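Read the structure below first, then the notes.
Nothing in this text is a laboratory measurement; each read-out follows from the coordinates by a stated rule. For clarity, every value in this text was computed on a predicted model and none was experimentally measured. Using ideal geometry, Cβ is built from the backbone for each residue, glycine included, and neighbour counts are taken over all protein chains shown.
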Protein chains: 2
Amino acid sequence: MNVIDESGILAISTRLQRLAETLRKDGVLIYKANNIDFEPKWFPVIYTLHFKPVLSVVEIANEIGYTHPSTISLLKELEKEKLIRSKKDKADERKRLIQLTTKGQALIEQMKPVWEIMKNAAAELTNTQNNLMKAIAEVEEQISQQSFLARAQRLKSVK
Amino acid sequence: MNVIDESGILAISTRLQRLAETLRKDGVLIYKANNIDFEPKWFPVIYTLHFKPVLSVVEIANEIGYTHPSTISLLKELEKEKLIRSKKDKADERKRLIQLTTKGQALIEQMKPVWEIMKNAAAELTNTQNNLMKAIAEVEEQISQQSFLARAQRLKSVK
DNA sequence: GGATTATATGTAGTTAACTACGTAGATTTG
DNA sequence: CAAATCTACGTAGTTAACTACATATAATCC
């Protein structure tokens, strides 16, 4: 056990990031092992478009919880891969409407069994006494009620 | 509720990263609100040196779970801030031994009450039905027994 | 004890997110 | 209805991690 793991909650951000990185890297390898040319970072966009077939850039950004510049750079990659295409919104010329290409839809069908495997593998990992997915959702709920900063301010003034 | 939050475990890496980012940003603001010139990303190094006062670059990297190039760049910043200093190891000329400066030690003393507040604020956030810190530790334990990739491979062949 | 291998550190370049800023088109308002 | 504001998108530059490669010293092994 190292000092950081022992430092408890203070290093929580570091530990979340480390775990995210570990899982993301294995994700790359799992796609590769199944002969699928896909990067985990594309998942949020593709998955979103699978359920909401036509969205603008900002709508996608909001759905996946990224800033719009980050989303634009993801969309550029996906357009280069010919997994998505875009067209101007006739009703609002500022908007660019994004949708999956046939190739994109076909890839999703190809990925579905792999997603099923990933889902089961991840469920094994997280099916412990304290469920990680639930814990994340609960903490996000707590934050939405009062942020980490606001809580710190309150606790400081009480002291 | 957006598509990603609904996608469940498949977007686990994205959600971990998002939560880490949210907490890190508030961390910056909490230090600032307490008039402390400190960045959360420095925490792992400083905290480690607080408990193990003299370490080499690679030893620190291992303690904090980063690669050594990442560690070197953190150490450069901290040296510029005069929070740490380094000297060659007489016994092994390859090694550079790192330790806190007086300024670094003083800063730690100044930060201790803020760490206490952060600890309490974070405990509030994570003290839910499924404890996030415990969940992380449990998942890391699961991974150490068999990786995400290895589990996916096994589940695939079983199918 | 010289050659090989391993370890410690460092540098360069990449990646994937971010913030800040700019522009074009849509909406609101005095 | 012109001016001001807002919204959508895009670009530039930054950040903080990474991998890959290079070099110097130490340890190991015929």
(request) Could you rank the peptides B:23-30, A:61-68 by their average count of other C-beta atoms within 10 Å per residue, with the highest value first? (result) B:23-30, A:61-68
(request) Let me see the pair-distance distribution of the range B:39-92: every alpha carbon pair, 5 Å bin width, integer percents in order. (result) 4, 19, 35, 28, 11, 2, 1
(message) Filter B:Lys112/B:Lys134; B:Lys41/B:Lys90; B:Lys25/B:Lys87; B:Lys80/B:Lys119; B:Lys90/B:Lys112; B:Lys41/B:Lys112 down to the pairs with a C-alpha to C-alpha distance above 25 Å, please.
(response) B:Lys41/B:Lys90; B:Lys25/B:Lys87; B:Lys80/B:Lys119; B:Lys90/B:Lys112
(request) Would you list which aspartates and glutamates come within 16 Å of A:Lys88, measuring only between C-alpha atoms, while excluding same-chain residues fewer than 8 positions from it? (result) A:Glu59, A:Glu79
(request) Shielding by partners for B:39-46, please: the mean number of other protein chain Cβ atoms within 10 Å of each residue's Cβ. (result) 3
(request) Place the label 7 angstrom along Cα→C-beta at A:Ser86 and in each other copy, then list the distances from the first to the rest in nm, shortest first. (result) 4.3
(message) From the phi angles alone, apply the Karplus equation (6.51, -1.76, 1.60; θ = phi - 60°) to the range B:117-123 and give each ³J(HN,Hα) in whole Hz, x where the residue is Gly or Pro.
(response) 4, 4, 4, 5, 5, 5, 5
(request) In whole Hz, with x marking every Gly and Pro, tabulate ³J(HN,Hα) for the range B:20-31 from phi via Karplus 6.51 cos²θ - 1.76 cosθ + 1.60, θ = phi - 60°. (result) 4, 4, 4, 5, 4, 5, 5, x, 3, 5, 5, 4
(message) Need one number: nm distance between label points at B:Lys76 and A:Val54, each 7 Å from Cα along Cα→Cβ, rounded to one decimal.
(response) 5.0
(request) Assign unit charges at the C-beta atoms only (+1 for Lys and Arg, -1 for Asp and Glu), then state the dipole size of the protein assembly as shown relative to its Cα centre in Debye, rounded to the nearest 20. (result) 680
(message) Test of the criteria: in the range A:71-159, which GluC sites (Glu not before Pro) are in a DSSP loop and have at most 11 other Cβ atoms within 10 angstrom of their Cβ?
(response) A:Glu93
(request) Rank these for me by crowding, B:Trp42, A:Trp115, going from fewest to most other beta carbons within 10 Å. (result) A:Trp115, B:Trp42
(message) Using Stokes-Einstein with the Kirkwood hydrodynamic radius over Cα pairs, what translational diffusion coefficient do you get for the protein assembly as shown at 25 °C and a viscosity of 0.890 mPa s, in µm²/s rounded to a whole number?
(response) 113
(request) Please state the charge dipole magnitude for the range B:1-117, taken about the Cα centre, from unit charges on C-beta atoms (+1 on K and R, -1 on D and E), reported in debye and rounded to the nearest 20. (result) 520
(request) Could you give the spread of the C-alpha atoms of the range A:77-159 along their three principal axes, from largest to smallest, in whole angstroms? (result) 59, 42, 20
(request) With r as the distance between the Cβ atoms of A:Ala33 and A:Thr102 and R0 = 22 Å, compute the FRET efficiency 1/(1 + (r/R0)^6) and round to 0.05. (result) 0.30
(request) Against the globular-protein guess of 2.2 N^0.38 Å, express the Cα radius of gyration of the range B:26-128 as a ratio, rounded to two decimals. (result) 1.15
(request) Name the residue, out of B:Ile12, B:Ile108, B:Ile84, whose mean-square fluctuation peaks in a Gaussian network model built on chain B with Cα pairs under 10 Å. (result) B:Ile12
(request) Calculate the mean, over all residues of peptide A:109-121, of how many other protein chain Cβ atoms lie within 10 angstrom of the residue's Cβ. (result) 4
(request) Order these peptides, A:128-136, A:51-59, by their mean beta-carbon neighbour count within 10 angstrom, highest first. (result) A:128-136, A:51-59
(request) Work out the mean other chain Cβ neighbour count within 10 Å for the residues of A:63-72 and drop it here as an integer. (result) 2
(message) Positive end of the dipole of chain A, charges at C-beta (+1 Lys, Arg; -1 Asp, Glu), about the Cα centre: which of A:Pro44, A:Ile12, A:Gly65 has its Cα farthest in that direction?
(response) A:Gly65
(request) Report the Stokes-Einstein translational diffusion coefficient (µm² s⁻¹, integer) for the range B:11-57, Rh taken as the Kirkwood radius over Cα pairs, at 25 °C with viscosity 0.890 mPa s. (result) 198
